[in-house]
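Below you'll find the structure, written out as structure tokens, and then a few comments.
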Amino acid sequence: MDALSEDLELLPTTRRALRHRIAVAQSAGRAPSVVAAVVRGGEVVWEGSRTSVDGHGPDGNVQYRIGSITKTFTAVLVLRLRDEGLLELGDPVEKFLPGTGAGEVTIGQLLAHTGGLAAETPGQWWERSSATLRPGLSDVLGERPLRHEPGRRHHYSNPGYTLLGSVVEALRGKPWEEVLRAEVLEPLGLDRTGAQPQAPHAGGWAVHPWADVMMPEPLEDLGLMAAAGQLWSTTADLARFATFLLRGDERVLSATSVREMRTPAAPPEPGSAEAGYGLGMQLSNTAGRRLAGHSGSLPGFVAGLWLSEADDLAAVVLANCTSGLPAATVAADLVTIVADAEPAFPRPWRPFRQADPVALELCGPWYWGTTAYALRLTADGLLELGPLGASGRAAGFRAEPDGSWTGLSGYYAGETLRAVRRPDGAVSHLDLGSFVFTREPYDAQAPVPGGVDPQGWRGIG
């Protein structure tokens with residue numbers, strides 16, 4: 001066994017804790033079956049299941065409906081269109097779907113559920129009624145699509161993702177499902193994920209809230225609402241999808257774009273335990289750990305997928321009951337169990353093969369006024385700016401072709417960092433969004449705003 005395999009393999013005590021967690025979930029949640037998987041370092045390191053049928057348990061190849069985890073797949077398709085230049089997140093939906101009555105809402109607002117659209121469709125409960133009742137977008141949106149002013153608040157909207165699926169179809173000229181299979185499922189090898197169930201698959205059940213009896217749930221095709229919740233999948237496929245959401249895949253979406261999906265785009269609703277919403281991904285702070293992923297539910301099924309970038313961990317939980325088993329909570333617990341019991345080994349330190357000489361020149365201490373900062377070059381080619389004291393703004397910066405650097409996080413996200421040089425070629429100072437960083441506090445040789453007292457530093461008296 002190589003060193004990497006040793007790092008990934010879980011201890012027996014950890015594996016027992018994982019088995020115990022889903023056993024408690026299945027029993028307390030009164031679920032006919034539950035199946036789960038944990039991914040670490042891009043590999044499935046644990047799989048488990050519990051079932052009400054003696055001697056039988058689902059494995060990673062059994063399909064379950066995954067409900068709103070479908071939205072994350074739809075968001076990937078939309079960001080592919082953005083990265084190809086076919087749309088911008090600030091484009092109004094009217095540009096692609098004229099006459100909907102929600103034309104002022106932007107693509108980005110739909111992705112983040114800040115478009116102000118209604119949470120559900122008008123008429124009958126769409127998850128449990130025939131799609132023939134909603135043949136067109138007007139039937140999905142109704143006469144009053146908006147419940148809030150676009151951009152003002154986070155308000156989860158299933159019809160919003162129907163609009164996004166329709167945008168995909170309008171720009172690709174093909175059905176949403178066909179585009180998804182060609183552009184995401186096949187490249188990632190998600191052979192057991194699709195809009196319709198394929199054996200082996202679980203049946204969906206409703207468990208009586210006050211008696212240990214159950215009945216089958218109807219299995220409706222969602223029609224136009226498919227982009228919001230249609231998919232069936234397995235823990236094996238969702239484990240691969242979770243790895244993609246952590247690392248990206250240039251055949252589908254870059255690491256930069258999937259990181260953008262995990263970046264907060266909307267605040268949480270007041271009173272919500274969540275940490276907001278990204279672009280097609282829910283965000284959560286659980287046990288002091290930042291998680292991204294999505295929950296899902298349809299009559300007869302619940303699902304949860306969470307990942308922790310810091311721990312390079314993900315967990316998937318699927319069950320075939322309408323309610324009772326909090327799949328998303330259990331998935332978060334599985335991540336926490338592994339991360340707490342077996343912290344990930346850091347990657348071995350290795351020097352650069354060839355460092356950017358310009359970036360290397362900028363490394364070291366800098367001063368914004370009298371506040372000390374350090375700028376360092378990371379192994380992935382980013383510049384990291386951080387305070388040397390207890391407080392200050394930190395950010396990473398990505399190199400641009402023109403020699404500047406663009407902020408990636410925090411206060412300086414999107415801001416430009418430039419090295420300003422003197423006539424002799426030496427670096428005079430750094431310009432960061434109009435802030436001047438100098439090699440010495442208030443360097444008299446640099447253009448410090450407001451100037452520097454000609455008498456320089458001095459004591460009292």
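Derivation of every value follows stated rules applied to the coordinates shown; laboratory data play no part. For clarity, every value in this text was computed on a predicted model and none was experimentally measured. FYI the Cβ positions are ideal-geometry reconstructions off the backbone, even for glycines, and counts take in every protein chain you see.
Post the alpha-carbon centroid distance, the stretch 140-160 to the stretch 192-258, in whole angstrom.
So the separation of the two Cα centres works out to 24 Å.
Got a sec? How would 406, 106, 72 order by Cβ neighbour count within 10 Å, fewest to most?
Ascending Cβ contact count within 10 Å gives the list 406, 106, 72.
Among 321, 363, which comes first, second and so on when ranked by fewest other beta-carbon atoms within 10 Å?
With the fewest neighbours first, 321, 363 line up as 363, 321.
For the stretch 419-427, just list the computed ³J(HN,Hα) in residue order, Karplus coefficients 6.51, -1.76 and 1.60, θ = phi - 60°, integers in Hz, with x standing in for Gly and Pro.
Values, residue by residue: 8, 9, 10, 7, x, 7, x, 6, 6 Hz.
Mind checking which of 304, 364, 330 is farthest towards the positive end of the stretch 283-398's charge dipole, using Cβ charges of +1 (Lys, Arg) and -1 (Asp, Glu) about the Cα centre?
The residue sitting most towards the positive pole is 364.
Placing +1 at every Lys and Arg Cβ and -1 at every Asp and Glu Cβ, with all other atoms neutral, what dipole size does the chain have around its Cα centre, in debye to the nearest 20?
Using Cβ point charges on Lys, Arg, Asp and Glu, the chain gives about 560 debye.
What FRET efficiency, computed as 1/(1 + (r/R0)^6) with R0 = 35 Å and r the Cβ-Cβ distance, is obtained for residue 199 and residue 290, rounded to the nearest 0.05? Spell out each step's value before the answer.
Details: r = 38 Å, r/R0 = 1.08.
That gives a FRET efficiency of 0.40.
Quote to one decimal, in nm, the extra length available between residue 323 and residue 371 on full extension: 0.36 nm per residue of separation minus the C-alpha distance between them.
So the chain would gain 11.9 nm between residue 323 and residue 371.
Pop a pseudo-label 7 angstrom from the Cα along the beta-carbon direction at both residue 24 and residue 148 and give the gap in nm to one decimal.
Result for the modelled spin labels: 3.4 nm.
Just to verify a number: FRET efficiency for residue 130 and residue 440, C-beta to C-beta distance, R0 = 45 Å, to 0.05?
The value I calculate is 0.05.
Return a whole-number percent for the relative contact order of the chain, with Cα pairs under 8 Å and 6 or more residues apart as the contact set.
Reported relative contact order: 16 percent.
Dividing the convex hull volume of the alpha carbon atoms of the stretch 3-341 by its residue count, what do you get in Å³ per residue?
Values: hull volume 45.5 nm³, N = 339.
Roughly 134 Å³ of hull volume per residue.
With a Förster radius of 30 Å, plug the Cβ-Cβ distance of residue 255 and residue 363 into 1/(1 + (r/R0)^6) and report the FRET value to the nearest 0.05.
Efficiency, rounded to the nearest 0.05: 0.80.
Taking the Cα-to-Cβ direction at residue 119 and at residue 88 and moving 7 Å from each Cα, how far apart do the two end points lie in nm?
Output for this residue pair reads 3.4 nm.
In nm, what is the difference between 0.36 nm times the number of residues separating residue 210 and residue 390 and their Cα-Cα distance?
In short, 59.3 nm is gained.
Based on the mean of other Cβ atoms within 10 Å per residue, sort peptides 161-174, 192-205, 387-400 so the most packed one is first.
The densest-packed peptide leads the list: 161-174, 192-205, 387-400.
Just want the ordering: 281, 225, 215, from fewest to most Cβ atoms lying within 10 Å of their own Cβ.
The order, fewest Cβ neighbours first, is 215, 225, 281.
Can you give the extra length, in nm with one decimal, that the chain gains between residue 16 and residue 186 once fully stretched, where that is 0.36 nm per residue apart less the Cα-Cα distance?
Length difference between fully extended and current span is 57.8 nm.
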